[in-house]
Every structure is written in C-alpha cells, then in structure tokens.
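Colleague: Got a structure for you, questions after.
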Amino acid sequence: MMMQDIEQLVTEYSVWLRDKTALRQVGEWIEITTPYLDRHNDYMQIYAKSDNGGYLLTDGGDTVSDLKNSGCNLDNKKRQDLLAMTLNGFGVQLSSDMITTHASPHNFALKKHNLVQAMLAVNDLFYLAAPVVQSLFLEDVAAWLDLYEIRYTPNVKFSGQGGLDHVFDFVIPKSISKHQPERIIKAINRPSRETTQALVFAWIDTREARPADSRAYAMLNDSDHTPQSSFTDTLKSYEVMPILWSRRETVREELAA
C-alpha cells in the first residue's frame, strides 16, 4: 500500500474510535464506553478519575471477574504467569482483579489504548479456558513452534506511526540463508470482529516501521468453531495471512526457514 493509503486508514480508524466513544459521570469516575465488544457482545467500558495530577484508568474488575464467573480458573501458577506477562506487555497492572494504569494529560490516549488492548488480550487469552481445558491456545502455539525448533522472540512490542504501542505474540527474525523475511505472528484464540480489527490496525500502524518485506500472520484457533469467512477475508485484504490452527502444518516450513 502507498503511504497515503495507510495514513487514510489510520485516520479513519481514529475517527471511528472518537465517534463511537461515549462518556458518563458515575460518582467520582467518568465511565468511558468504547466501540469494542466483549465476548457477550456488550460494549467494553473503562473508568477514569483524577489521581495525583493525572488519571487513574481501570476496567473496574470486569474482565477478570467475568472470566472467573464463567468457570475460568486463574489461580494456578502457569496461568498467573501468563496473565502477568500479557498485562506487562501492555504496561498495565492487576490490582484486586482490576486491570489498571496511570496516565498523564500528555499520554492519556496511549494509556487508554493500552488498557483496552490489554482487556481484549486477557479476554481472548483465557476464553473457554475452563478447568477441563488442559492448555491455553497461546501455549499450544508456542509448544508447536518449539517442537519444530522454530526460533522466535515472544511478546514483542512495536511502536506504531501514530504513537501507539502494539504487542505481537511471536516474531521470527529474518533468515538470510533461507531468504525469508521477518515474520510476525499473533495468536487469536477467539476470532471475532474485535480481535480481527485490533490486529489489522496494529499491523497497519506498525508495518511502515518494519522492514519492507516483513510478513504478518494470524494463527486462528478453529478447534471449536471455524472462524467466519468475513474475518479471514478482512485479514487477507490488509495483507495479514490467516492460518487456521488445524492447518498449521501448511506454513511450518515457511516459518522454520
């Protein structure tokens, strides 16, 4: 895509975010309703209040509480470590089940973006992770990469041209001997409009800062449900290659090179 095309897409996304965001006073807090949907198809909400010359932002505990109420056990060490790694990647913290971050007037937009992206990531990470499930999708993808000795760096953060940070699950470095470019992978446990849209924006916003031949992949969990064709079509249209988990072997050599 030409530079002006990318700039237009980023602008359109920013306008959509602004137009679809609603504010409401709730005591000392401002409730911010975002255009993103959670797994119940309800609009995701965050809360902000003045704090030490800046602002305290939080999800009010809704993300973790909802997962726990749905039977997702977050008490074992492996899941606690995975949760902490995910939150740290977005620069947010967990306090009494509330995902929180502190913003200044200068970085409010960035911190708000990181908080919402963290909520989406945690919700997707543990979706359907009931006690009967033995592993999480992100762990499955990492184990598969390890099995075939595919070298990667996990949980990599890139800064986009709009000043926002974006976290990708795995980055496979360029292979000079095999003539393969940098490969960037996002594992999506529950493909949806929100997770697809978030990945597309992250890729659009960061691709200009990456090597020109870098490739983006979306590893989609289809163990329980086949992702809608509209999601995969959207990814393809923005040059993100969708890979169904059931067909992961089709890209093994490409990633291992």
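The values are calculated or read from the model by the stated rules, or taken from the named source; none is laboratory data. It should be emphasised that the depicted structure is a prediction, and the values quoted were computed from it without experimental measurement. Don't worry about glycine lacking a Cβ; one is built from the backbone with ideal geometry, like all the others, and counts go over all protein chains shown.
Colleague: Looking at residue 171, is it without any contact (Cβ under 8 Å) to a residue 24 or more places away in the chain and either touching a strand residue (DSSP E or B) at 6+ places or on another chain (Cβ under 9 Å) or among the basic types (Lys, Arg) (or both)?
Modeller: The answer is yes for residue 171.
So that you can scan it fast, the table gives a plain yes or no per residue for (1) closer than 27 Å to residue 35 by Cα; (2) of a type outside the set (Ser, Thr, Tyr); (3) surrounded by fewer than 22 Cβ atoms within 10 Å (Cβ to Cβ):
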position	(1), (2), (3)
188	yes, yes, no
195	yes, no, no
214	no, no, yes
222	yes, yes, yes
225	yes, yes, yes
234	yes, no, yes
247	no, yes, yes
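Colleague: Going by the structure shown, is residue 13 aromatic (Phe, Trp, Tyr), within 19 Å of residue 193 (Cβ to Cβ) and either assigned to a helix (DSSP H, G or I) or in the same structural domain as residue 208 (by TED's automatic domain parsing) (or both)?
Modeller: On the way: aromatic (Phe, Trp, Tyr): yes; within 19 Å of residue 193 (Cβ to Cβ): yes; either assigned to a helix (DSSP H, G or I) or in the same structural domain as residue 208 (by TED's automatic domain parsing) (or both): yes.
For residue 13, the condition - aromatic (Phe, Trp, Tyr), within 19 Å of residue 193 (Cβ to Cβ) and either assigned to a helix (DSSP H, G or I) or in the same structural domain as residue 208 (by TED's automatic domain parsing) (or both) - is met.
Colleague: Residues 39, 24, 18: which one is among the charged types (D, E, K, R) and touching a helix residue (DSSP H, G or I) at 6+ places or on another chain (Cβ under 7 Å)?
Modeller: Unique residue meeting the criteria: 39.
Colleague: Next question. Any residue at all in segment 56-63 that's over 21 Å from the mean Cα position of the chain (by Cα), at pLDDT 90 or above and either in the same structural domain as residue 116 (by TED's automatic domain parsing) or of a type in the set (D, E, K, R) (or both)?
Modeller: Yes, segment 56-63 contains a residue that is over 21 Å from the mean Cα position of the chain (by Cα), at pLDDT 90 or above and either in the same structural domain as residue 116 (by TED's automatic domain parsing) or of a type in the set (D, E, K, R) (or both).
Colleague: On to the next question. Among the residues that make up segment 42-53, is at least one of them acidic (Asp, Glu) and under 16 Å from residue 116 (Cβ atoms)?
Modeller: yes
Colleague: If only one of 119, 98 is surrounded by 21 or more Cβ atoms within 10 Å (Cβ to Cβ) and touching an Asp or Glu at 6+ places or on another chain (Cβ under 7 Å), which one is it? Explain how you work it out, then say what you get.
Modeller: Working: 98 fails: surrounded by 21 or more Cβ atoms within 10 Å (Cβ to Cβ).
When all the criteria are applied, what remains is 119.
Colleague: Further question on the same structure: What strands (runs of 3 or more DSSP E) lie completely within segment 43-95 and have 3 or more residues being surrounded by fewer than 19 Cβ atoms within 10 Å (Cβ to Cβ) and of a type outside the set (A, V, I, L, M, F, W, C)?
Modeller: Strands (runs of 3 or more DSSP E) meeting the threshold: 43-51.
Colleague: Any idea how many residues of segment 67-85 are within 25 Å of residue 159 (Cα to Cα) and touching a residue at least 60 places away in the same chain (Cβ under 8 Å)?
Modeller: Going through segment 67-85 one residue at a time, the tally reaches 1.
Colleague: Same structure again: Go through the residues of segment 140-149 one by one and say whether even a single one is of a type in the set (Ser, Thr, Tyr), within 26 Å of residue 30 (Cα to Cα) and touching a residue at least 60 places away in the same chain (Cβ under 8 Å).
Modeller: Scanning segment 140-149 turns up no residue that is of a type in the set (Ser, Thr, Tyr), within 26 Å of residue 30 (Cα to Cα) and touching a residue at least 60 places away in the same chain (Cβ under 8 Å).
Colleague: For residue 28, which of the numbered conditions (1) of a type outside the set (A, V, I, L, M); (2) touching a Lys or Arg at 6+ places or on another chain (Cβ under 6 Å); (3) under 19 Å from residue 116 (Cα atoms) fails to hold?
Modeller: Unmet condition: (3).
Colleague: Which residue is modelled with the highest pLDDT, if the candidates are limited to segment 216-229 and must be of a type outside the set (Asp, Glu) and over 19 Å from the mean Cα position of the chain (by Cα)?
Modeller: 229
Colleague: Then there is this: Only one of (1) without any contact (Cβ under 8 Å) to a residue 60 or more places away in the chain; (2) not in a strand (DSSP E or B) fails for residue 120. Which number is that?
Modeller: (1)
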